[in-house]
Amino acid sequence: MKRLFKLAAACSAFAFTVPAAAQDIAITGATVATGDGSAPIENATVLVRGGKVVAAGTGVTVPAGMETIDGAGKWVTPGIFAAVTDIGVFDVSGVSNSNDAGASNSRFSAALDISQAINPASEHISVSRAGGVTRATVAHAPGDSIFAGQGATIDLGVDPDPITQARSFQMVVLGERGARIAGGGRTASNLELRNAMAEAKAYVAGDWEGEDALLTRPDVQSLVPVISGKQKLYVHAERASDIRKVIALKQEFAKLDLVLLGASEGWLVANALAASGIPVLADPLDDLPSSFEQLAATQSNIGRMTEAGVKVAIGGVGAFEQPRNLTQYAGNLVALRKVPRASGLTWGQAFASITSIPAEISGLGGKAGILRAGAMGDVVIWDGDPLELSSNPTRVFIDGVEQPLSNHQTRLRDRYRDLDESNLPKAYDW
């Protein structure tokens, strides 16, 4: 029996380390949503060749000899892009030895690099992939510093290298949580942030003195690309007054490439946000005052910011352990348009908020979350409207490679879907 286990493990490891070749495929006669914010297209065709999208829409000619998939009755979309998740960095969140989502006892903060901890064999990745999620950004949770460290952009393919871009953004936490971490008040967190920026500037100028600095050398070095605008800075803030401070930060440090995270009260300062050009990753479920910094929370938040011209995507604060639910959240925003005096999104806008817009905010604009010539071949075939709860992916491609949809949950489902006791695992002998 041990030999069988070793052989199975060896075969599994070999399959995992040999990447599959990208497939050249044509999906015809489907309802196609390109992810660009427009309405779905009936009876359309999607071509993928060499791991890239070649064409998507009507009037597309299928090259002779290309593998063709009949999309009649199906929907075809780009893969879902999950913004700011913690998938792939823990097995069981409550078991500290398996959880790399944070490092609260570390001497370092801004220098922490989440790409070093991502496990491509994580069940959270395989479950999300089965839900149509093909790419994601992964972030650390903050520990003893307002800086949570450097996040990564990943793909959810079955291969040993999930990293699309390591150190793609830095994250800092303001508001109530940042205040608690920094010493109990917003004055402390704002001063800590500005001191860090000043130390990074001094380091670039050659004036940084480590023995008198608050940051470690690796941390201050990690902030150099932030102050130069080469690395995005994700700032978590919920209250309207805190959001105004983020806007002022952009005016004070003009090169910062800022992304606002959370923004429960963003609708109150939507015009100022739109004028600043700062994009937002917002939680679509913030509709009640769960804290003092969210007293004005409303589910119309995303719709109202979008109406004001803010670039908004659905994103979490390390809380989206189930990114496959993003389609449900987007569907809620479509349904919200039917509620009197509420502000929701059109179908196209809602779908873009979980595909092309988070991809663009994350630095992959035009490359991911969209079906257009030259984009990554991340394609999902659904058995119905992806924003309907009853719909599920039937086939998923990442970079043109078809992915398995099985995972621990589906295997348990298949084992226990009937009452045949021969399927039960062996129990203890009494």
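Observations, loosely collected:
- Residue check for residue 212: without any contact (Cβ under 8 Å) to a residue 60 or more places away in the chain and among the acidic types (Asp, Glu): yes
- Residue list for the range 279-306, restricted to those being of a type in the set (A, V, I, L, M, F, W, C) and part of a helix (DSSP H, G or I): 292, 302, 305
- All positions within the range 232-275 that are polar (S, T, N, Q) and either in a helix (DSSP H, G or I) or in contact with a strand residue (DSSP E or B) (Cβ under 7 Å, 6 or more places away or on another chain) (or both): 241, 251, 271
- Here the range 136-160 is the region considered, the condition is being over 18 Å from residue 103 (Cα atoms), outside any strand (DSSP E or B) and modelled with pLDDT of 95 or more, and the residue that is nearest to the chain's Cα centre (by Cα) is 156.
- Test: residue in the range 76-91 that is within 19 Å of residue 405 (Cα to Cα), surrounded by 24 or more Cβ atoms within 10 Å (Cβ to Cβ), under 24 Å from the mean Cα position of the chain (by Cα) and among the aromatic types (Phe, Trp, Tyr): yes
- Residue match in the range 221-231 (condition: crowded, with 17+ Cβ neighbours inside 10 Å and either modelled with pLDDT under 95 or outside any helix (DSSP H, G or I) (or both)): yes
- Filter result (closer than 21 Å to residue 129 by Cα, of a type in the set (Val, Ile, Thr) and not in a helix (DSSP H, G or I)) within the range 325-367: 354, 355
- Cβ-Cβ under 8 Å pairs, at least 6 apart or on other chains, the range 120-147 side of a type in the set (A, V, I, L, M), far side in a helix (DSSP H, G or I) and buried (at least 24 other Cβ atoms within 10 Å of the Cβ): 133/323; 133/326; 136/128; 136/323; 138/114; 139/114; 146/178; 146/189
- Candidates 283, 287 - the one that is among the charged types (D, E, K, R) and without any contact (Cβ under 8 Å) to a residue 24 or more places away in the chain: 287
- Listed conditions (1) in a helix (DSSP H, G or I); (2) closer than 26 Å to residue 138 by Cβ; (3) of a type outside the set (Ser, Thr, Tyr) are all met by residue 374, apart from (1).
- Residue in the range 178-200 that is surrounded by fewer than 24 Cβ atoms within 10 Å (Cβ to Cβ) and either in contact with a Lys or Arg (Cβ under 6 Å, 6 or more places away or on another chain) or under 30 Å from residue 401 (Cβ atoms) (or both) present: yes
- Some residue of the range 118-129 being closer than 20 Å to residue 314 by Cα, part of a strand (DSSP E or B) and of a type in the set (Lys, Arg): no
- Residue in the range 76-94 that is more than 23 Å from residue 324 (Cα to Cα), part of a strand (DSSP E or B), hydroxyl-bearing (Ser, Thr, Tyr) and at pLDDT 95 or above present: no
- Only listed residue being within 19 Å of residue 315 (Cα to Cα), at pLDDT 95 or above, surrounded by fewer than 21 Cβ atoms within 10 Å (Cβ to Cβ) and touching a helix residue (DSSP H, G or I) at 6+ places or on another chain (Cβ under 7 Å), chosen from 282, 274: 274
- Here is the figure for the range 92-117: residues that are loosely packed, with under 15 Cβ neighbours inside 10 Å and within 18 Å of the chain's Cα centre (by Cα) total 1.
- Restricting 377, 344 to those that are free of Cβ contacts under 8 Å to residues at least 60 places away in the same chain and either touching a Lys or Arg at 6+ places or on another chain (Cβ under 7 Å) or among the aromatic types (Phe, Trp, Tyr) (or both) reduces the list to 344.
- Residues (among the aliphatic types (A, V, I, L, M) and surrounded by fewer than 24 Cβ atoms within 10 Å (Cβ to Cβ)) located in the range 127-174: 127, 130, 141, 158, 163, 166
- Some residue of the range 27-43 being at pLDDT 95 or above, in a loop (DSSP other than H, G, I, E, B), surrounded by fewer than 16 Cβ atoms within 10 Å (Cβ to Cβ) and not acidic (Asp, Glu): yes
The values are calculated or read from the model by the stated rules, or taken from the named source; none is laboratory data. Small disclaimer: the values here were computed from a predicted structure and weren't measured. A quick note on method: Cβ atoms are made from the backbone with ideal geometry, for glycine too, and the neighbour counts reach across all protein chains shown.
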